[in-house]
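Peer 1: The following block contains the structure, expressed as structure tokens.
Bear in mind these aren't lab numbers, they're just calculated from the coordinates by the rules spelled out. What you are looking at is a predicted structure, and each value in this text was computed from that prediction instead of being measured. All Cβ positions, even for glycine, are placed from backbone atoms using ideal geometry, and neighbour counts span all protein chains on display.
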Number of protein chains: 2
Amino acid sequence: MNKIRIVHRSSRLFQPLNPVQKNIQAKNVDLTSLSQKLMLDLGIIKQSSPGSFHYLPLAVRSLNKLTKIVDEEMANIDAQKVIFPTLTYSKLWEKTGRISDVDSELFKVKDRHDGSYILSPTHEEAAADLLATITPMSYKQFPLKLYQISSKFRDEMKPRFGLMRARQFIMKDLYSFDLNMELARATYDQVCEAYERIFKLIGINFVKVLGTTGNMGGSISNEFHFISKIGEDKILSCGSCGYRANVELAGDELQCPVCGNNDKDLIKNGIEVGHTFLLGEKYSKPLNANFMGINSNAVALQMGSYGLGISRILAAAIEVGSLEHEIRWPDVLAPYSIIIISPKDGSKEDSAVKDLPLEMYRTLDGVFCDEVLLDDRNALTIGKRVLDAKRTGYPYIVVVGSKATETPARLEVIDVKNDEQHYLSKDQLVDFLQGNCANKSHSVTN
Amino acid sequence: MNKIRIVHRSSRLFQPLNPVQKNIQAKNVDLTSLSQKLMLDLGIIKQSSPGSFHYLPLAVRSLNKLTKIVDEEMANIDAQKVIFPTLTYSKLWEKTGRISDVDSELFKVKDRHDGSYILSPTHEEAAADLLATITPMSYKQFPLKLYQISSKFRDEMKPRFGLMRARQFIMKDLYSFDLNMELARATYDQVCEAYERIFKLIGINFVKVLGTTGNMGGSISNEFHFISKIGEDKILSCGSCGYRANVELAGDELQCPVCGNNDKDLIKNGIEVGHTFLLGEKYSKPLNANFMGINSNAVALQMGSYGLGISRILAAAIEVGSLEHEIRWPDVLAPYSIIIISPKDGSKEDSAVKDLPLEMYRTLDGVFCDEVLLDDRNALTIGKRVLDAKRTGYPYIVVVGSKATETPARLEVIDVKNDEQHYLSKDQLVDFLQGNCANKSHSVTN
């Protein structure tokens, strides 16, 4: 398409800085996590009620990038995207016995005809029921991997840490269906590998550990954690034998149950950002999710369940990467990769190179599609806007400052993460960003 | 990215044809609409409970295309994407007086601390409360247009027509905030024009009519309708004077209230696919959504609300465009634009040009990114698969049949909508599709 592309301008961006939390409920906000504080202060999210948040434009841009990364990795393992309904019949959860296990955490809804539903926190029952109520599928059509990215609900006793323990959260959940346990195990490994690739693309150090199956059930479970002091899980990670497990499973905080290692740094706190389960027949059996075998006999499917906390990954990445007053996004998740700061109104540069900021915007937007923001709040000093840009955490800041009036013009580029600055000609600037900026191929739209 | 692209194959596609509706509730399904029947029969959607549906992979692909069209048009009018929480405090709806107006249609939820929420069917209160509880915005920061595309909930007495009157549905809702009524009116016109562009891109004939404001309130309202005999609204559309209004507003089914025209075809049935409201202060006043005026005084914002029924548009487009047994999607919303049918196992062509289907797939996928599906169910005859492809409604069917063994090879391309077939060389085929296929620039991902 050759149409004129819209210019993304800071003056138009809805980013309410330092929002005053006026509503009564918000007074109880427990600002105990860095990510929560930064995301609220910098207008990324806004609390609406305990554990519920408005996702403001910068959050949505970042979520879209994470969604795109996940979608691409899911396409690579032949997983298909669906949407399961939010409302799930309570009776499906009764059939699997789960409703009594997690009762207090479920939001429940009645329809006007007295039908009972839950606001689904996860969709094992819904997915199994889908397979059970379609025309029986032939064994030839498996393995089957269905996933969605959608809002889930959990009535947390004490929502906290902003997006990390919310009542409404965005989760990516995948359900796999296989003909036997051996094939199910192969699928399980395949999905876990895709999750590892996703975390590597995000670029935050993570650990994959053995996890407990809890009320979810099944035979094998793994958890993916970002290491952080505010993490609510304790992880035993043994440097000697490589055993890694949630302490709930390891059973001992003092020594590794495999090799007996008792180093002091055996235990770390982790933020759980992914959890996978090899479920077997726990859901397929009571809900009759079967396939048609060679002799047209109905055989229970072997299921797996694989959750990724999408909104939690966003917050946890900010939690572990940020400075006290400045957000640091993973490069591939920054809402914009590049911000251009134009001269202050009435400055020497303002009159000398008035058109240069927009020219640079067009040039860079042509290369880094939709990744560039123009800070045109020209009543503010360049210094104030550089500070804002660093706080919001854009990876590259391009300043059209005093050296822009030289011949040839030179622009300042601040590489925020490496805390470096360079003065470059226009061509050098494009080359520099092409060589360094992570987001050439992960544009939000094109 | 130069990585090997995944091949989309019919054999792997989760499209449960002719699903048997086993669950008891589904027996009450009122199959009175063509789109509902076709979307269920062809594995596009699957009912989970009355008015709730699983969106299966083909539905999600189509929804993604519609979302992309909407996102692009919204970017063009400088609207910013957000996510409002599904749970809205009941007290916000009490403050605006709406909770009593629509009480029976609201799903209500209590949290474990006895807090009362509704599952939002729309977000005027949530949006106004957001503006009311952030740091007051300067008059310089308006107009402001915030929108989301998300699941909404309405406890319909009698859900029917599949996705057209569901209990959980996907809506795109936009809220505008302006400094005064004149500016709000200009924004209102701008958003309505964007909606008209969206409907033109979708390519279904629509009418924009005057609508009633109902419990939403405000001074001006317009509705966008697809004309269909199953439409639940009656539209008076006068060929003489051009007056167009919902009969609820026109007040008379026999003659045009403006010019007195009493033609027999004055009244048509319409499916409402969009509804816009110039709200004024109905929500901003009770909820204190203000801006800071020049003298730092708080002044109520003038709001507008603009709904687009995303899931309803999908169903309504299928409703008005399809044949009795074959879906016809708007070209830009077809889940795949092109399907390639490979030779039947053991046929002459199968041995002679075995690699040609995949070669054509790679070629066409290179041009029509992610728009091509390979029907590799080679145990089935070509005829059976052409029939399936027509029923599912892919716009272009490419058959690797007997003429593919000639020198040079010729392929059959069926232009489904125009009911034409052509035998073309490989190069001619690419040229033909490039000249005709709508989806070159609206790929789902890239």
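Peer 1: Starting from the Cα gyration tensor of segment B:336-436, take the square roots of the eigenvalues, sort them a ≥ b ≥ c, and report rounded, prolate or oblate (rounded when a/c is under 1.5, otherwise prolate if a/b is larger than b/c, else oblate). Intermediate values should be presented prior to the final figure.
Peer 2: Values: a/c = 1.45, a/b = 1.17, b/c = 1.24.
It comes out rounded by the Cα gyration axes.
Peer 1: Also, I was wondering about something else. Net charge near residue A:336: determine it from the other residues with C-beta under 12 Å of the C-beta of residue A:336, scoring Lys and Arg +1 and Asp and Glu -1.
Peer 2: Values: positive: A:9, A:61, A:65; negative: A:331, A:365, A:370, A:371, A:375.
Around residue A:336, the charge tally is -2.
Peer 1: Could you rank the peptides A:386-395, A:171-180 by their average count of other C-beta atoms within 10 Å per residue, with the highest value first?
Peer 2: Numbers: A:386-395: 21.6, A:171-180: 23.1.
Per-residue mean Cβ counts within 10 Å order the peptides as A:171-180, A:386-395.
Peer 1: Another one. 5 Å is the cut-off here: which amide hydrogens, built 1.01 Å from N in the peptide plane, fall below it relative to residue B:374, excluding neighbours closer than 5 in sequence?
Peer 2: Here B:8, B:9, B:10, B:340 satisfy the definition.
Peer 1: Can you pull the mean other chain C-beta count within 10 Å for peptide A:104-111? Display every interim value, and only then the final one.
Peer 2: Working: counts 1, 1, 1, 8, 2, 7, 4, 10.
Mean shielding count: 4.
Peer 1: Please order A:209, A:398, A:247, B:207 by the number of other Cβ within 10 Å, starting at the fewest. Could you put the intermediate results ahead of the total?
Peer 2: Working: A:209 23, A:398 27, A:247 18, B:207 15.
If I rank by nearby Cβ atoms, fewest first, I get B:207, A:247, A:209, A:398.
Peer 1: Rounded to the nearest 0.05, what FRET efficiency do residue B:248 and residue B:105 have when you use their Cβ-Cβ distance and R0 = 22 Å? Mind dumping the intermediate values first?
Peer 2: Details: r = 18 Å, r/R0 = 0.80.
The computed FRET efficiency comes out at 0.80.
Peer 1: If you don't mind, there's one more thing I want to ask. Hey, what do the phi angles of segment A:107-118 turn into as Karplus ³J(HN,Hα) couplings, whole Hz, using 6.51/-1.76/1.60 and θ = phi - 60°, x for Gly and Pro?
Peer 2: Rounded to whole hertz, the list is 7, 10, 9, 10, 8, 5, 9, 6, x, 9, 9, 10.
Peer 1: Hey, another quick one. Which whole number of Å³ per residue matches the convex hull of the alpha-carbon atoms in the protein assembly as shown?
Peer 2: On the way: hull volume 167.4 nm³, N = 892.
Value for the protein assembly as shown: 188 Å³ per residue.
Peer 1: Provide the per-residue ³J(HN,Hα) series for segment A:249-261, in order, calculated from phi with Karplus coefficients 6.51, -1.76, 1.60 and θ = phi - 60°, each as a whole number of Hz, with x at glycine and proline positions.
Peer 2: After applying 6.51 cos²θ - 1.76 cosθ + 1.60, I find 8, 5, x, 8, 9, 9, 8, 5, x, 8, 10, x, 3 Hz.
Peer 1: Then there's this: Averaged across A:50-61, how many Cβ atoms of other chains sit within 10 Å of each residue's Cβ atom? Each step should come with its number before you reach the end.
Peer 2: Working: counts 3, 3, 9, 3, 13, 6, 7, 5, 2, 3, 5, 2.
Shielding by partners across A:50-61 averages 5.
Peer 1: Quick one: if you stick a label point 7 Å off each Cα along the C-beta vector at residue A:219 and residue A:9, how many nm between them?
Peer 2: 6.2
Peer 1: Hey, in chain B, which Cys have no second cysteine's beta-carbon closer than 4.7 Å?
Peer 2: So far as the 4.7 Å Cβ criterion goes, B:192, B:369, B:437 stand without a partner in chain B.
Peer 1: Mind grabbing the base-10 log of I(q)/I(0) for chain B at q = 0.06, 0.11 Å⁻¹? Debye formula, identical points on the C-alpha positions, no solvent, two decimal places.
Peer 2: -0.32, -0.94
Peer 1: Which ³J(HN,Hα) values, rounded to whole Hz and listed in residue order, are derived for segment B:209-215 from phi using the Karplus coefficients 6.51, -1.76 and 1.60 in 6.51 cos²θ - 1.76 cosθ + 1.60 with θ = phi - 60°, glycine and proline given as x?
Peer 2: Running phi through 6.51 cos²θ - 1.76 cosθ + 1.60 with θ = phi - 60° gives 10, 6, x, 7, 8, x, 6 Hz.
Peer 1: Using a 10 Å cut-off on Cβ to Cβ distances, tally the other chain neighbours for every residue of A:85-97 and report the average as a whole number.
Peer 2: Details: counts 13, 8, 10, 3, 5, 0, 0, 3, 0, 0, 0, 0, 0.
Mean inter-chain Cβ contacts per residue within 10 Å come to 3.
Peer 1: List every residue whose amide H lies under 5 Å from the amide H of residue B:217, counting only residues 5 or more places away in sequence or on a different chain, with H placed 1.01 Å from N in the peptide plane.
Peer 2: Here nothing satisfies the definition.
Peer 1: Tell me the mean residue ellipticity at 222 nm calculated for the protein assembly as shown from its helices only (DSSP H runs of n ≥ 4, each -39500 (n - 2.57), averaged over every residue, nearest 500). Walk me through the numbers before you get to the answer.
Peer 2: Details: 26 runs with 258 residues, N = 892.
Per the formula, -8500 deg cm²/dmol.
Peer 1: Quick one: which residues, 5 or more positions from residue A:233 or on another chain, have an amide H under 5 Å from its amide H? H modelled 1.01 Å from N in the peptide plane, none for Pro or chain starts.
Peer 2: Answer set, sorted by chain and number: A:270, A:272.
Peer 1: Highest mean first, what order results for B:272-280, B:157-165 on Cβ atoms within 10 Å? Don't jump to the answer; show the numbers that get you there.
Peer 2: Values: B:272-280: 24.0, B:157-165: 21.8.
Put in order of decreasing packing, that is B:272-280, B:157-165.
Peer 1: Over 5 Å intervals from 0, what percent of Cα-Cα pairs in segment A:204-332 sits in each interval?
Peer 2: Calculated over all Cα pairs of segment A:204-332, the distribution is 2, 11, 16, 16, 15, 12, 10, 7, 5, 3, 2, 0, 0, 0 percent.
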